[in-house]
Amino acid sequence: MENKSENRIAVVSILVTDRGVSEHVNALLSEYGDWVLGRMGIPYKEKQVSVLSVVLDAPVEVTNALTGKLGRIGGVSVKALFGKM
């Protein structure tokens, strides 16, 4: 019998300080697109940073895999906040 993890709502916060990696970040977000409920991006030109907020409805393992991959990209900082539902 297959043991499936229960989905959890998560908000993933991403700070991109190197615009050169934006394509890589977007490719990863597209790869996980089936789990994405919505995303918002704010370019903060004065501070030379892009701020992204991504909402996922996914198993914890999927969210952790995405944040791990994002966190290994130079110029990217990432954190996930999980809901208790």
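The values are calculated or read from the model by the stated rules, or taken from the named source; none is laboratory data. Here the structure is a predicted model, which means the values were calculated and not measured. All Cβ positions, glycine included, derive from the backbone under ideal geometry; neighbour counts span all protein chains shown. Accessible surface is based on the protein model in full, side chains and every heavy atom, while ligands, DNA and RNA are left aside. Shrake-Rupley method; radii C 1.70, N 1.55, O 1.52, S 1.80 Å.
For region 72-85, filtering for residues that are without any contact (Cβ under 8 Å) to a residue 60 or more places away in the chain and open to solvent by 40 Å² or more (accessible area, probe 1.4 Å) leaves 3.
Filtering region 20-53 down to residues that are aliphatic (A, V, I, L, M) and in contact with a Ser or Thr (Cβ under 8 Å, 6 or more places away or on another chain), which residue is nearest to Thr67 (Cα to Cα)?
Filtering region 20-53 down to residues aliphatic (A, V, I, L, M) leaves 21, 25, 27-29, 36-37, 40, 42, 49, 51-52.
After this cut, where a residue has to be in contact with a Ser or Thr (Cβ under 8 Å, 6 or more places away or on another chain) as well, the list is 40, 42, 49, 51-52.
Working: Met40: 16, Ile42: 19, Val49: 18, Val51: 15, Leu52: 13 Å.
Residue satisfying both the conditions and the ranking: Leu52.
In region 44-72, the residue that is farthest from Asp18 (Cα to Cα) out of those that are assigned to a helix (DSSP H, G or I) and small (Gly, Ala, Ser) is Ala65. Scanning region 1-43 for residues that are open to solvent by 100 Å² or more (accessible area, probe 1.4 Å) and part of a strand (DSSP E or B) yields Leu37, Arg39, Met40.
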